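*Asks:* The structure is given below, and queries will be raised subsequently.
The values are calculated or read from the model by the stated rules, or taken from the named source; none is laboratory data. The model shown is predicted, which means the values in this text are computed figures rather than measured ones. Positions of Cβ are backbone-derived with ideal geometry, glycine not excepted, and every protein chain shown enters the neighbour counts.
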Amino acid sequence: MPRGGGGGFGRGGAAAKGTMRGMQLPWEYDPDLEYKPTPNEGLFPKSVPPIVKPPTASEKRAVEHYRNLRARIHEGPMYTTLDDLKRDDEGVDDAKAKAAYNPFEDAPTYSQRYKRPRNTLPKLSDRPYVKEMFPEELWSTIDEEYDEDLSSAVPTIKKKKFLDISEPKKYDALRRFDEEEAKKAALEAGKAGKEAGGEGAEAPEESEEEEEEAVDDDFEEDEDGAGADDYNAEQYFEDGDEGYDDAGAGDAGEDDGY
Amino acid sequence: MAAQNLAELCAVLIENHVGDLAAQIFTTLSEHGRCTATTLAGHANIPLRRARTGLATLIEEQLVLHHTAEEDAPTFYTVSWRNAYNLARHANVIALVTERYGEAAGQVIKNILQLGHARVGDLADAYDLAPASQRDSGIDMDQATGGMMNGTAKPSNQHVTSTAEFHGILRNLLRDGILAKVGARSFMPVSDLQEQLQEAVIVDQFPDRKVTGPKKAREFGAAVNELKRRWQIDDTFSEAVDVGSRGAIKRPGDHFAPNKRAKLNGGFANGHAIDESSAPKLSLDLIVRVDFTRCALGLRSRRLHQLARRVLGNATGAVYGALLKCVERKVRIIRSEPAEDPDADKILPSANLNEIAESLDREVDLGSSIKGVGGNKHLKPNGTGMKGKKNQVVDDEFAEIGIKEELSESEDDEPTTNGLSSYRSHAKRVKMIEAHLMLLEEHPKGFCKRARAGSTSTDWGIDFDDLMDGLIEAELDDTITAKFGKKSLRVVRMLRERGRLEEKQVASFAMMRVKDVRSVLTELQSEGLADAQELPKDNQRQPSRTTYLWYFDTQRAQSLILQQTYKAMARTLQRIPVERDRFRTIIEKAERTDVKDHEQEKLGQGERAYLREWREVEERLLTQVARMDEVVVILRDCSAKDVSLDT
């Protein structure tokens, strides 16, 4: 609701305060009211965004659980990502693909072998479903072996399917960065409390070794499996490759860090 | 049709959770409304096969509901807003379950959330088959166990080790309603369900298909409600129906499970009779999902518990937590239906003092916060007023049952299991609990009440409707303060207390200058929180001859802030990929299959620091989403007035 006039008073002269051409203004006249244009602050005036409180311990735990769940889902067969090109159609024609080619990142490189594979279509066939919960027209979608004509006949013996419930550790590998940080904080606190420089320097190395050992333990079975398979060329190559990487990265890391 | 903000939020959530394809289909479906798979594929401009696959994933999570009217009729798909929003609640739900039932239950819940819904048999198979992975999963969870849970909670095992334990966990969760049974009706849109109900009643009781006249209409309504209730009972889990005794298979048609059972028990003839008879198994055909309504109830309890602890201290908070826990088991629905007779006394969900004492942690020092009541170390009361009086009462009652205070004090130090003394200490504990409850009752928020007013019964109830109204107002006040400052809050609270006021009255009540009030009110009006009603004094409707009455509509503000919260959640979630892009190279490197699990060796110091930074950024954003979800619990799920999702 506008209260008080903007510009229009001047014309009536001094006597015309609160009136216009001799007529009473239709709103309450407030002689004290002034028009104060705010100085122009530019297109983006300065504003101080409110800063949220840092997460509490329980909130951190909740987020941790959520991330864990999300990591599992994203690694699972149902999660899909589409390239922008593929959004409108399944097939990408050559011209489009060429136009979108990025010479810096799209050139095939050796390390792409290790890239995390992405789904563009959910893999529905790997797990059992409760068919009755789906509409009939989707039955053939969720179960490739389902045949409408044979459905009433004797059920064939199929490969048994299992729900994918995987261990969370493998999936949320990044989690250990949080832990590592916590450990480091604890270590630093300990260091401050002690005094001896030598001990302080040794401590982190020890912890790192422990961690490596723990990792080794985890994948013992995997390694055994690989060892038995001498004729797997890829495996052979990977092993050698890893050895080099280990030496280089490990050295550099230790030099930098401690 | 839900609002635009919710639609946007849901699309973001689904993209996060199920992926791009599903999000695309969901968005198309929400824009075009109910349609068939073919139409959908046409609208979304994707091949039918893709559309079907996407729909299957969405149905798996119940984000899309479907209905086929009859055999060979086309199947129609509809989005489910409530289920789609629930994706945002995952963090809170897992945290809640882990806190209450332990890590193992948390794992089970996580798996079920991941799958959407699952048959118990299939779940059990998956668990049995993955003993190695189970062992791994436990390694780094140790420090995550919460130290603050109540004593009655189970000792938190890290993971499920035996079939019996697995079934035990599921049964616990089902009994408390965290998990719900899934029937074919869970996948049907509400409107179709209602139609089917009415149709069933008409076929059954009105053969001439005519429901005319008020009498018949009333009969019809009653019959529909009756059938609805029967269906609801059918659809809820009950120990009698759904527990397959000794793990026997109910339906012979199922060709999965018998093999499994045979394998399990093949080694020893009488195996399961010995170690599993104590815990009867669930029927393997039972299909379960997470019941989010119920989880909202749990979140509400947690919120109230925190509030009580904040305003009345730890011991009283703990007592209130125990009361809430007892009451929660008895409340089936989160919102009470409007009573038919407004004058009738409301029946409050209540719990007996003894129940509260049982579920309260033994470790809580009840005597510490009320002066003189329990007081191992506290002296005789010399205070006046309420506390003194209450203490006097307690003392008298102790005297009546022949307990001297000194005696009970000494018993406190050395607990004996002697019958009489244990009775005495129990009686004393109950007294102290009652004192705490009285404290809660006297608080202006009215945390609890005696179940029957005026009497000295030992049943205590909670009037959730009143309490929640208070909580909603507090939530609105918080938001208004944060956004507009204290002056606006003062004006808003006054308008709420006094109803419609003229500008000058507002100024005088708020003890502010009229000019200041004007700017505050205008700001609130432009944000849609306050509004003015025009009362012209004559026919001309001249502004100068008109009175403006300002008012604040709580319900409107509530839905406004709810919508803004949706929007903020969507923006926060959309921020994550933007932030992620900043760290893209390092994240991609860390996700490479050869680097993963070997980060220590393969990433440099700087890279690790960078990754850590990213983790922190994401953590802060996700925390904020979880916090906003708690606001939604209060403003939407706990409020009887909000109907934005009742379609």
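*Asks:* Does any residue of the stretch B:439-451 turn out to be among the aliphatic types (A, V, I, L, M), part of a helix (DSSP H, G or I) and modelled with pLDDT of 80 or more?
*Replies:* yes
*Asks:* Sticking with this one: Can you tell me which of (1) away from every other protein chain (no Cβ under 14 Å); (2) among the polar types (S, T, N, Q); (3) in contact (Cβ under 8 Å) with a residue 12 or more places away in the chain is the one B:Ser186 doesn't meet?
*Replies:* (1)
*Asks:* Next question, about the same structure. Taking A:Val63 as meeting all but one of (1) touching a Pro at 6+ places or on another chain (Cβ under 8 Å); (2) more than 30 Å from B:Trp550 (Cβ to Cβ); (3) modelled with pLDDT under 75, write down the number of the exception.
*Replies:* Only one criterion is unmet by A:Val63, namely (3).
*Asks:* Only one of (1) at the interface with chain A (Cβ under 7 Å from one of its Cβ atoms); (2) exposed (fewer than 15 other Cβ atoms within 10 Å of the Cβ) fails for B:Arg615. Which number is that?
*Replies:* The one condition B:Arg615 does not meet is (2).
*Asks:* Go through (1) in contact with a helix residue (DSSP H, G or I) (Cβ under 6 Å, 6 or more places away or on another chain); (2) closer than 18 Å to B:Glu473 by Cβ and name the single condition B:Val514 misses.
*Replies:* (2)
*Asks:* Looking at the stretch B:551-560, is at least one residue hydrophobic (A, V, I, L, M, F, W, C) and modelled with pLDDT under 90?
*Replies:* No - not one qualifying residue is present in the stretch B:551-560.
*Asks:* All but one of (1) over 30 Å from B:Arg303 (Cβ atoms); (2) more than 21 Å from the chain's Cα centre (by Cα) hold for A:Lys53; which doesn't?
*Replies:* (1)
*Asks:* Suppose we filter the stretch A:128-144 for residues that are loosely packed, with under 14 Cβ neighbours inside 10 Å and within 31 Å of the chain's Cα centre (by Cα); how many remain?
*Replies:* 0
*Asks:* Separate question: Just for helices (runs of 4 or more DSSP H) wholly inside the stretch B:95-151: which have at least 1 residues that are modelled with pLDDT of 50 or more, within 19 Å of the chain's Cα centre (by Cα) and within 9 Å of chain A (Cβ to nearest Cβ)?
*Replies:* Qualifying helices (runs of 4 or more DSSP H): B:103-115.
*Asks:* Which residues, taken from the stretch B:482-509, are more than 31 Å from the chain's Cα centre (by Cα) and on the phi > 0 side of the Ramachandran plot?
*Replies:* Hit for the stretch B:482-509 is B:Gly499, nothing else.
*Asks:* Name the residues in the stretch B:31-45 that are among the charged types (D, E, K, R) and closer than 18 Å to A:Pro135 by Cβ, would you?
*Replies:* So the first thing to find is which residues in the stretch B:31-45 are among the charged types (D, E, K, R), and the list is B:31, B:34.
Correct list: B:Arg34 only.
*Asks:* Also, I was wondering about something else. Just a yes or no: is a residue in the stretch B:517-524 out of contact with any helix residue (DSSP H, G or I) (no Cβ under 7 Å at 6 or more places or on another chain), facing chain A (nearest Cβ under 10 Å), part of a helix (DSSP H, G or I) and β-branched (Val, Ile, Thr)?
*Replies:* The answer is yes, given that some residue of the stretch B:517-524 is out of contact with any helix residue (DSSP H, G or I) (no Cβ under 7 Å at 6 or more places or on another chain), facing chain A (nearest Cβ under 10 Å), part of a helix (DSSP H, G or I) and β-branched (Val, Ile, Thr).
*Asks:* I'm told B:His43 meets every condition in (1) closer than 23 Å to B:Ser186 by Cα; (2) more than 10 Å from chain A (Cβ to nearest Cβ) except one. Can you identify the failing condition by its number?
*Replies:* Going through the list (1) closer than 23 Å to B:Ser186 by Cα; (2) more than 10 Å from chain A (Cβ to nearest Cβ), B:His43 breaks only (1).
*Asks:* Sticking with this structure for a sec: Could you identify the single residue in B:Thr38, B:Thr78, B:Thr27 that is facing chain A (nearest Cβ under 10 Å), of a type in the set (Val, Ile, Thr), outside any loop (DSSP other than H, G, I, E, B) and surrounded by fewer than 24 Cβ atoms within 10 Å (Cβ to Cβ)?
*Replies:* Only one candidate qualifies: B:Thr38.
*Asks:* What are the residues in the stretch B:514-562 that are surrounded by 18 or more Cβ atoms within 10 Å (Cβ to Cβ) and within 17 Å of B:Ile634 (Cα to Cα), if any?
*Replies:* Within the stretch B:514-562, B:Ala557, B:Gln558, B:Ser559, B:Ile561, B:Leu562 qualify.
*Asks:* Is there a residue in the stretch B:544-554 that is part of a loop (DSSP other than H, G, I, E, B) and either farther than 30 Å from B:Arg608 by Cβ or touching a helix residue (DSSP H, G or I) at 6+ places or on another chain (Cβ under 9 Å) (or both)?
*Replies:* yes
*Asks:* Is there a residue being out of contact with any Cys (no Cβ under 8 Å at 6 or more places or on another chain), aliphatic (A, V, I, L, M) and at pLDDT 80 or above anywhere in the stretch B:258-278?
*Replies:* no
*Asks:* Could you grab me the full set of residues in the stretch B:58-69 that are within 7 Å of chain A (Cβ to nearest Cβ) and more than 17 Å from B:Val182 (Cα to Cα)?
*Replies:* Correct list: B:Thr68 only.
*Asks:* Ok, one more. Does the stretch A:117-135 hold any residues that are more than 7 Å from every other protein chain (Cβ to nearest Cβ) and without any contact (Cβ under 8 Å) to a residue 40 or more places away in the chain, and which are they?
*Replies:* A:Pro117, A:Arg118, A:Ser125, A:Tyr129, A:Lys131, listed by residue number.
*Asks:* Okay, moving on. Find all pairs meeting these conditions: Cβ atoms under 8 angstrom apart; at least six residues apart or on different chains; first residue within the stretch B:423-435 and assigned by TED's automatic domain parsing to the domain that holds B:Glu363; second residue acidic (Asp, Glu).
*Replies:* Every condition considered, the pairs that remain are B:Arg424/B:Glu411; B:Ser425/B:Glu411; B:Ser425/B:Asp412; B:Lys431/B:Glu397.
*Asks:* A further question follows. Collect the residues in the stretch B:515-563 that are in contact with a Lys or Arg (Cβ under 8 Å, 6 or more places away or on another chain) and over 25 Å from B:Ile472 (Cβ atoms), keeping them in residue-number order.
*Replies:* B:Asp516, B:Arg518, B:Glu534, B:Pro536, B:Lys537, B:Asp538, B:Arg545, B:Thr546, B:Thr547
*Asks:* Another question about this same structure. May I ask you to say which residue of B:Thr53, B:Thr68, B:Thr75, B:Thr38 is in contact with an Asp or Glu (Cβ under 6 Å, 6 or more places away or on another chain), polar (S, T, N, Q) and over 19 Å from B:Tyr566 (Cβ atoms)?
*Replies:* Details: B:Thr53 fails: in contact with an Asp or Glu (Cβ under 6 Å, 6 or more places away or on another chain); B:Thr68 fails: in contact with an Asp or Glu (Cβ under 6 Å, 6 or more places away or on another chain); B:Thr38 fails: in contact with an Asp or Glu (Cβ under 6 Å, 6 or more places away or on another chain).
Going through B:Thr53, B:Thr68, B:Thr75, B:Thr38 in turn, just one is in contact with an Asp or Glu (Cβ under 6 Å, 6 or more places away or on another chain), polar (S, T, N, Q) and over 19 Å from B:Tyr566 (Cβ atoms): B:Thr75.
*Asks:* Of all the residues that make up the stretch B:180-210, how many are charged (D, E, K, R) and modelled with pLDDT of 80 or more? Walk me through how you get there before you give the answer.
*Replies:* Of the stretch B:180-210, the ones charged (D, E, K, R) are B:181, B:185, B:192, B:195, B:199, B:204, B:208-210.
Of the ones still in play, those that are also modelled with pLDDT of 80 or more are B:181, B:192, B:195, B:199.
So the count comes out to 4.
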